[in-house]
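**Q** Take this structure first; my questions come after.
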Amino acid sequence: MTETSETGGTTSESRTNDEVWTVGATGRVGRGVTARLAARGLTVVPVGRSRERMVAAGAEAGLPEDAKVVVADSAERIADEIARERPRVVVNTMGAFATTAPVIARACMPGGHYVDRASDVVVVERLLALHDEAVRARAAGSQAHPPQPSRRPAMADPAV
């Protein structure tokens, strides 16, 4: 599998690619989501802390041996990678949604889509609070600049 684990460079366009990233792809829910999306023929990219576990989860989901994985150890580092790579959809199954959802959802703007499985009132309120920001980002159109990734590298192969 190909690994993206260095945060660097910038993206000055609001373009997205056709990838669907599964954050927390090695967990029970993340493995199931990854498998179902892959079965539909989508370009699925597992995202998590352990390269080895993501490769195993990807193989279990039926992803090709050379499928891309993204290694990052925190919501902030995942957000950096999202801002740099611009996936079309990010599915967050990593949990701690009250803290991870706003960070990751904001990185998807403009043009990307964020999905999670939280039914927590606090999370929903925080995501709804991003509405005006998303509308402004969409209205800016081609002049929009996605959040710039930090210059710190994401972890290459952190211990789990």
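**Q** Could you identify the single residue in 33, 70, 29 that is among the hydrophobic types (A, V, I, L, M, F, W, C) and in contact with a Lys or Arg (Cβ under 8 Å, 6 or more places away or on another chain)?
**A** On the way: 33 fails: in contact with a Lys or Arg (Cβ under 8 Å, 6 or more places away or on another chain); 70 fails: in contact with a Lys or Arg (Cβ under 8 Å, 6 or more places away or on another chain).
Only one candidate passes the filter, namely 29.
**Q** Within the stretch 21-77, track down each residue that is part of a loop (DSSP other than H, G, I, E, B), over 18 Å from residue 115 (Cα atoms) and open to solvent by less than 80 Å² (accessible area, probe 1.4 Å).
**A** Of the stretch 21-77, the ones part of a loop (DSSP other than H, G, I, E, B) are 24-27, 40-42, 49-50, 61-67, 72-74.
Narrowing the set further to residues that are over 18 Å from residue 115 (Cα atoms) leaves 41, 49-50, 61-67, 72-73.
Scanning the stretch 21-77 gives 41, 50, 61, 62, 63, 64, 67, 72, 73.
**Q** Something else now. Does residue 76 meet the test of being out of contact with any Cys (no Cβ under 6 Å at 6 or more places or on another chain), acidic (Asp, Glu) and modelled with pLDDT of 95 or more? Quick ask: steps written out before the conclusion?
**A** Working: out of contact with any Cys (no Cβ under 6 Å at 6 or more places or on another chain): yes; acidic (Asp, Glu): yes; modelled with pLDDT of 95 or more: yes.
Yes: the conditions hold for residue 76.
**Q** Which residues, counting only those in the stretch 79-127, are in a helix (DSSP H, G or I) and of a type in the set (Ser, Thr, Tyr)? Give the steps one after another, and end with the answer.
**A** Of all residues in the stretch 79-127, those in a helix (DSSP H, G or I) come to 79-85, 97-107, 121-127.
Across the stretch 79-127, the qualifying residues are 99, 100.
Residues checked against (1) under 18 Å from residue 22 (Cβ atoms); (2) at pLDDT below 95; (3) surrounded by fewer than 22 Cβ atoms within 10 Å (Cβ to Cβ):
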residue	(1), (2), (3)
87	yes, no, no
91	yes, no, no
113	yes, yes, yes
122	no, yes, yes
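The values are calculated or read from the model by the stated rules, or taken from the named source; none is laboratory data. As the structure is a prediction and not an experimental result, all values here were calculated from the model. With ideal geometry, Cβ positions are generated from the backbone for all residues, glycine too; neighbour counts draw on all protein chains shown. Heavy atoms of the whole protein, side chains included, go into the accessibility calculation; ligands, DNA and RNA do not. Shrake-Rupley method; radii C 1.70, N 1.55, O 1.52, S 1.80 Å.
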